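> Got a structure here, written out as structure tokens. Questions coming.
What follows is calculated from the coordinates using simple rules that are stated; it is not laboratory data. All values reported here derive from a predicted model rather than from experimental measurement. Cβ placement follows ideal geometry from the backbone for every residue including glycine, while neighbour counts extend to all protein chains displayed.
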Amino acid sequence: MSIIKLLSKKTDKTIFTTPSHNQKAYFSQNLESFYKNDFSEIEGFDNLSDPKNSIMMAQARVSEMLHTKQTFFITQGATTALLAAMKAIIKPTDRVLVARNCHKSIFSGLILTAGVVDWFMPEFNPEWGIYTVIDEKKLEKTLELNDYKAFIMTSPTYEGVNSNIEKIANLCYDHNTYLIVDEAHGSLHYFSSDLGKSAISQGADISVNSLHKTAGALNQCAILNISHKIKNIDISTFQKSINLFHTTSPSYPLLSNIEACINYLDSKEGRAEIANLINEIEKMKHELKNFGVEFFDTANLDKTKILLRKKGVSGFDLSDSMYDDFNIEDELNNSICALYLTGIGTTKAKLDKLKNALKKLPINPSYEFQEAESQPHPLVKLQPIETFNRNFAYVNKEECLLKVSNKMLIPYPPGIGILYPGEAIQKWHLDYLNNDVEVIV
């Protein structure tokens with residue numbers, strides 16, 4: 001029986017268990033359907049920490065759909081999935097190669113595993129101010145320098161750029177290195193050939209998908225995927241690792257939402273919805289090119305990501321005007337462009353509103369874009385595990401150059417670190433720092 005069918009069955013039990021609300025929305029009537037399906041692991045229900053019944057069967061069905069060795073349901077977001085993947089593979093002092101555009105949760109994972117990090121810089125596009133692909137030739141040279149237990153990378157990027165995972169996976173295999181792909185923004189890749197292939201289908205050992213980002217699921221719905229090709233690690237190790245981080249009170253509404261989300265995406269209706277979304281976005285882009293709007297475009301792009309700029313207006317001003325004058329909020333922006341994220345739930349009416357606002361957006365004909373400067377390669381003075389609970393002091397901004405930071409400097413979104421604890425503060429960082437800077441002493 002599926003989780004969805006399990007929750008649809010009415011029970012005549014009188015339940016004296018958690019949660020105490022008795023499946024009624026006493027003070028949040030707008031969440032009544034959520035409360036109705038919110039149970040703990042009562043008799044007849046499954047246990048997410050050791051699934052044997054409905055959860056096990058639901059995970060197995062999704063695994064079959066996605067062609068994985070095992071897919072785990074995660075109700076605490078891609079962050080928990082990434083931490084669990086890292087803990088299952090990385091032991092203390094293992095050397096780990098991490099792409100610098102990875103989410104900040106990877107730094108937390110490095111602390112929890114006591115891994116030794118080397119940072120890998122992805123390619124950078126100064127005309128748009130974004131990271132793009134992993135250069136395979138640079139990666140090959142880097143992998144030859146050390147014995148890395150794992151390479152952790154993001155694909156697609158927040159802005160939708162897909163790296164060539166197949167080539168990267170082959171390089172990692174040749175160097176006996178596990179490949180973990182943060183595919184949080186690529187949940188639709190499994191269900192549309194127009195967006196790029198999934199990381200697992202291209203040979204990644206592990207991938208993580210955040211279903212709430214583009215796939216239409218509720219916040220915190222995620223999955224952890226293990227490939228058939230993974231070697232020397234038993235699947236039970238991943239379950240034990242998940243249990244270290246996952247709550248012992250999992251949400252059945254979220255579990256059923258994960259199942260329903262994947263079922264929909266794999267259906268004829270779901271695939272048609274993705275195809276229609278891509279078609280509407282392409283039509284919008286074509287029309288807006290006559291109004292000075294430029295779209296980031298590359299052959300390896302997830303077409304559901306709308307990264308744009310308009311001649312005569314900075315990315316920051318574009319974002320502010322769209323919000324203040326047209327009540328439209330972007331996902332993120334920089335000095336050059338803004339990202340408008342779409343996915344399951346993005347209607348034609350919503351795209352039309354964006355299109356019409358961009359047409360009306362005021363411009364300054366004399367304004368010219370300035371290329372963005374890429375951040376320098378980090379100078380790691382202390383490993384992540386060495387920075388935890390360290391003594392620190394405040395110093396003036398003018399005196400902090402080359403001192404070791406005690407703080408994360410992370411614009412959010414996208415949650416990508418500019419500066420992490422244990423790294424030397426370089427001149428490039430100064431524009432992002434306040435007057436009082438925390439440094440390790």
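> What number comes out for the charge environment of A272, summing +1 per Lys or Arg and -1 per Asp or Glu over other residues with Cβ under 13 Å away?
Net charge in that neighbourhood comes out at -3.
> May I ask you to give the average projected area over all directions of the convex hull of the Cα atoms of segment 368-441, in nm² rounded to one decimal?
Result: 5.7 nm².
> I would also like to ask the following. GNM on the chain, C-alpha springs below 10 Å: top fluctuator among V293, V116, V208?
With Cα springs under 10 Å in the chain, the top fluctuation among V293, V116, V208 is at V293.
> Give me the lysines in straight-line cross-link reach of K289: C-alpha distance below 17 Å, same-chain residues under 8 apart excluded.
Hits, sequence-local ones excluded: K303, K305, K310, K311, K353, K355, K359, K360.
> Further question on the same structure: For segment 270-360, what does the convex hull of the Cα positions come to per residue, in cubic angstrom?
Dividing the Cα hull volume of segment 270-360 by its residue count gives 93 Å³.
> Quick one: 3J(HN,Hα) in Hz for segment 190-195, Karplus 6.51/-1.76/1.60 with θ = phi - 60°, rounded, Gly and Pro as x.
Values, residue by residue: 5, 10, 8, 6, 7, 9 Hz.
> Here's something else I'd like to know. Assuming a viscosity of 1.306 mPa s and a temperature of 10 °C, what translational diffusion coefficient in µm² per second does Stokes-Einstein assign to the chain, Rh being the Kirkwood radius over Cα pairs?
The calculation lands on 68 µm²/s.
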